[in-house]
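S.K.: Got a structure for you, written out below as structure tokens; questions coming shortly.
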Amino acid sequence: MDILSIAGIIVGVGAILTGMTLEGGDVNALVNLPAFIIVFGGTIGAALLQSPVKLVAKALKMLPWVFNPPQLSLREQSEHIVMLAVLARKNGLLGLESQIDTEPDEFMKLAIQLLVDGCQPAVMHDILELELSAIESNELQAAKVFEAMGGYAPTIGIIGAVLGLIHVMQNLASPASLGAGIATAFVATVYGVGSANLIFLPTASKLKTQILAMSQGREMLIEGFNSIAMGENPRIIEIKLSSYVNN
């Protein structure tokens, strides 16, 4: 569980609500269903229009990473690669075949399969780099769905504000109904700007950080398996991978 993500939301929203209360405002004034529907419905609709179905599905699948990021220990991965190097040095590359079915990570499973198949180091390196590039590109595009929502939300908020003012102008002869229109106008703007800067944009940035961290782990894996394919000493491989672990 990523405590900073939870703390960030609590501190950000809490600071706004506390400041509003200290100024004598009523927090309940921020509860406005029409403004909520306009801003969040419009923002989601714009994001769906922009993105393919697979990309939206990928973005929703990655969303839990904000609070529960994938567990990645470069040190443990380094030790696992060195263990495979020792096994390959002892039993040959074919001795790694038994590791394929027990390996949960698809990228590492591919790397082991290429080793077992006797793929040349340079060819294996190119295949894994292409696979890494494809995975990273797909995940970054998914993260940009939330980035796009962060761009749309303030504008949709302005649309909500304009709609609220239109309602006000249509009811100038009825002062009792002016309050609802004015509330929708201002609250929609708050929802748009607030959701963009407290939810959507930070979510996109957090996901990008996780994606880059996972890519670094895969880069280390490529380096390690390339060294195994070239028959390097496991101790040398361990020293090579230490630069990833210690930085």
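Please treat every number below as a calculation from the coordinates, not as lab data. Note that the structure is predicted; figures quoted are calculated from it, not measured. Here Cβ is always computed from backbone atoms with ideal geometry, including for glycine, and neighbour counts include all displayed protein chains.
S.K.: Counting Lys +1, Arg +1, Asp -1, Glu -1, what net charge surrounds Pro52 among other residues with beta carbon under 13 Å of its beta carbon? Intermediate results must be reported in sequence, preceding the final value.
M.R.: Values: positive: Lys54, Lys58, Lys144; negative: none.
Spelling it out: positives minus negatives among the neighbours equals +3.
S.K.: Any chance you could give the angle, 0 to 90 degrees and rounded to 10, that helix 201-229 forms with the longest Cα principal axis of the chain?
M.R.: For 201-229 against the chain, the angle is about 10 degrees.
S.K.: I want the local charge near Ala142. Using Cβ-Cβ distances under 14 Å, sum +1 for each Lys or Arg and -1 for each Asp or Glu among the other residues. Walk me through the numbers on the way to the answer.
M.R.: On the way: positive: Lys54, Lys58, Lys61, Lys144, Lys206, Lys208; negative: Glu136, Glu139, Glu147.
With Lys, Arg at +1 and Asp, Glu at -1, the neighbours total +3.
S.K.: How big is the chain by the Kirkwood estimate over distinct Cα pairs, in Å? Let's see the in-between values first.
M.R.: Numbers: mean 1/r = 0.0464 Å⁻¹.
Mean inverse Cα-Cα distance, inverted, gives 21.6 Å.
S.K.: Ranking request for peptides 129-139, 106-116: highest mean number of other beta-carbon atoms within 10 Å first, then the rest in descending order. Write down the numbers at each step before the final one.
M.R.: Numbers: 129-139: 14.3, 106-116: 18.8.
Put in order of decreasing packing, that is 106-116, 129-139.
S.K.: What is the calculated FRET efficiency for Leu140 to Val162, with r their C-beta to C-beta distance and R₀ = 51 Å, to the nearest 0.05?
M.R.: Working: r = 34 Å, r/R0 = 0.66.
Efficiency, from the Cβ-Cβ distance: 0.90.
S.K.: Go ahead and set up a Gaussian network model of the chain, Cα springs under 10 Å, then flag whichever of Ala35, Ala204, Ala46 fluctuates most.
M.R.: Per the Cα network of the chain with a 10 Å cutoff, Ala46 tops the list.
S.K.: Also, quick follow-up: Would you calculate, for the chain, the mean residue ellipticity at 222 nm contributed by helices, counting each DSSP H stretch of 4 or more residues as -39,500 (n - 2.57) and dividing by all residues, to the nearest 500? Mind dumping the intermediate values first?
M.R.: Numbers: 11 runs with 185 residues, N = 247.
Helix contribution divided over all residues of the chain: -25000 deg cm²/dmol.
S.K.: Need the list of lysines near Lys208 for cross-linking: C-alpha distance under 21 angstrom, and skip anything on the same chain fewer than eight residues off.
M.R.: List returned: Lys54, Lys58, Lys61, Lys144.
S.K.: Helix 106-116 against the longest principal axis of the chain: what's the angle in degrees, Cα atoms only, rounded to the nearest 10?
M.R.: 20 degrees
S.K.: Cα axis of helix 178-195 to longest principal axis of the chain: angle in degrees, 0 to 90, nearest 10?
M.R.: Roughly 20 degrees, rounded to the nearest 10.
S.K.: Which residues among the stretch 139-162 fall inside the zone where the amide N is under 18 Å from a point 7 Å beyond the Cα of Leu4, along Cα→Cβ?
M.R.: none
S.K.: For the stretch 147-161, just list the computed ³J(HN,Hα) in residue order, Karplus coefficients 6.51, -1.76 and 1.60, θ = phi - 60°, integers in Hz, with x standing in for Gly and Pro.
M.R.: Calculated HN-Hα couplings, in order: 5, 5, 5, x, x, 6, 3, x, 5, 5, x, 5, 4, x, 5 Hz.
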